[in-house]
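Chemist: This is the structure I want to talk about, given as structure tokens.
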Amino acid sequence: MSPRTPFTTRFAPSPTGLLHKGHAFSALKAFEAARQAGGRFLLRIEDIDITRCKPEFVDAIYEDLHWLGLEWEEPVRRQSEHFPDYHAALNQLAERGHIYRCFKTRKEIMEDIARAPHHPGEGPDGVIYPGPAKPMSPDDEASRLDRGDAFAWRLSISAVKAELGDISRLSFVEEGEGPGGESGTLAIQPDLIGDVILGRKDVGTSYHLAVTLDDSLQGITHVIRGQDLFFATSVHRILQALLNLPAPLYRHHKLLTGKDGKRFAKRNKSQTLQAIRQSGVSAKTLRMQLGFNW
Ligand code: GLU
């Protein structure tokens, strides 16, 4: 990235529910970092999951963030309007043999995992899938495609290793901290990855692919987000290496918790920004509560 690239960061919510205090904290963190750096603050609507995302939640995002006192550049990128970009990246990965079609059911995946020589553990997407014992034959694949069976596009970690060599040499710069206090230049954790899903027959992308491509397309220099996505950064860093994209700097922040010590969740209605606003709390009071003194 050129040294003259302006500091650019983003807040990237998914409209699958109303924003809560945890989102407000994350959005304010990014907004304030951009302001302090004299840089750019972007909003991105991550609505690739067309079954769970709802237009009313998109409207609520705009309303809540305006109320909170944030301003962002227009136009806002809505991922659902850019499926061709994600398809192009998937095609590129497919042509180079970095992804494969996986027709397995959840049960078959769990059986493969049980047969793996060591228990693969948990990664950013739950239990890690080490891949099939042997690849599907081209004939089987063709007949399942003919039948119109559903499939997922999975990253082939073995193909990635064959192309990139020792992937644990890939690193990213953490300017915030991971959940274990990790900071500085951090090697990715290849063991946490496995054959993650990068797209599906019906939804032609995944969070990992869309977020990585968009951060690059939008010239994001600093990814500021919650520590829940810290481990996903290893997947994003591999995709950047495969697709030849620049690596932004990362600032993961602690997740806010409620009085019960639990993370805020979209289903916890009383902590939504809408409920807080409707109860008469001012945006300034909320900002102060969250540690932003303006
Ligand atoms: N859309 C993701 C979420 O709502 C955040 C993406 C990111 O900041 O990388 O959890």
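Conditions (1) surrounded by 11 or more Cβ atoms within 10 Å (Cβ to Cβ); (2) among the β-branched types (Val, Ile, Thr); (3) farther than 30 Å from residue 224 by Cβ, marked per residue:
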| position | (1), (2), (3) |
| --- | --- |
| 140 | yes, no, yes |
| 144 | yes, no, yes |
| 156 | yes, no, yes |
| 159 | yes, no, yes |
| 162 | yes, no, yes |
| 166 | no, no, no |
| 170 | yes, no, no |
| 175 | yes, no, no |
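Chemist: Also, quick follow-up: Taking only segment 228-242 into account, find how many residues are in contact with a helix residue (DSSP H, G or I) (Cβ under 7 Å, 6 or more places away or on another chain), assigned to a helix (DSSP H, G or I) and within 14 Å of the ligand (Cβ to nearest atom). Don't jump to the end; show me each part of the working.
Modeler: Looking only at segment 228-242, we keep the residues that are in contact with a helix residue (DSSP H, G or I) (Cβ under 7 Å, 6 or more places away or on another chain), and these are 231-232, 234-236, 238-242.
Cutting the leftovers down to assigned to a helix (DSSP H, G or I) gives us 232, 234-236, 238-242.
With within 14 Å of the ligand (Cβ to nearest atom) added as a condition, the list becomes 232, 234-236, 239-240.
Total meeting the criteria: 6.
Chemist: Okay, moving on. Filtering segment 243-275 down to residues that are within 14 Å of the ligand (Cβ to nearest atom) and among the basic types (Lys, Arg), which residue is nearest to residue 98 (Cα to Cα)?
Modeler: So the residue we want is 251.
Chemist: Can you pull out the residues in segment 177-193 that are in contact with a helix residue (DSSP H, G or I) (Cβ under 6 Å, 6 or more places away or on another chain) and either open to solvent by 50 Å² or more (accessible area, probe 1.4 Å) or over 14 Å from residue 240 (Cβ atoms) (or both)?
Modeler: Within segment 177-193, 179, 187, 189, 190, 192 meet the criteria.
Chemist: Filter segment 243-294 down to the residues that are open to solvent by less than 50 Å² (accessible area, probe 1.4 Å), in a loop (DSSP other than H, G, I, E, B) and basic (Lys, Arg) and list them by number.
Modeler: none
Chemist: Shifting gears a bit: Residues of segment 160-169 being under 19 Å from residue 197 (Cβ atoms) and in contact with a Lys or Arg (Cβ under 8 Å, 6 or more places away or on another chain), which ones? I'd like the intermediate steps shown before the answer.
Modeler: At the first step, the residues of segment 160-169 found to be under 19 Å from residue 197 (Cβ atoms) are 160-161, 167.
Residue satisfying the conditions is 167 alone.
Chemist: The conditions are (1) more than 23 Å from the chain's Cα centre (by Cα); (2) outside any loop (DSSP other than H, G, I, E, B); (3) basic (Lys, Arg), and residue 134 fails exactly one of them. Which is it?
Modeler: Here residue 134 clears every test but (2).
Chemist: Could you list, in sequence order, all residues of segment 195-227 that are over 18 Å from residue 52 (Cβ atoms), within 13 Å of the ligand (Cβ to nearest atom) and either in contact (Cβ under 8 Å) with a residue 60 or more places away in the chain or not in a helix (DSSP H, G or I) (or both)?
Modeler: 213, 214, 215, 218, 220, 222, 223, 224, 225, 226
Chemist: Could you check, for segment 109-118, whether at least one of its residues is open to solvent by 50 Å² or more (accessible area, probe 1.4 Å) and either assigned to a strand (DSSP E or B) or within 16 Å of the ligand (Cβ to nearest atom) (or both)?
Modeler: If we filter segment 109-118 for residues that are open to solvent by 50 Å² or more (accessible area, probe 1.4 Å), which is where we start, we get 110-111, 114-115, 117-118.
If we keep only those that are either assigned to a strand (DSSP E or B) or within 16 Å of the ligand (Cβ to nearest atom) (or both) as well, we get none.
No, every residue in segment 109-118 fails to be open to solvent by 50 Å² or more (accessible area, probe 1.4 Å) and either assigned to a strand (DSSP E or B) or within 16 Å of the ligand (Cβ to nearest atom) (or both).
The values are calculated or read from the model by the stated rules, or taken from the named source; none is laboratory data. This one's a predicted model, so the numbers in the text were calculated from it and none came from an experiment. Positions of Cβ are generated from backbone atoms using ideal geometry, with glycine treated the same way; all protein chains shown enter the neighbour counts. Quick note on the areas: whole protein, heavy atoms, side chains included, nothing else; ligands and nucleic acids left out. Shrake-Rupley method; radii C 1.70, N 1.55, O 1.52, S 1.80 Å.
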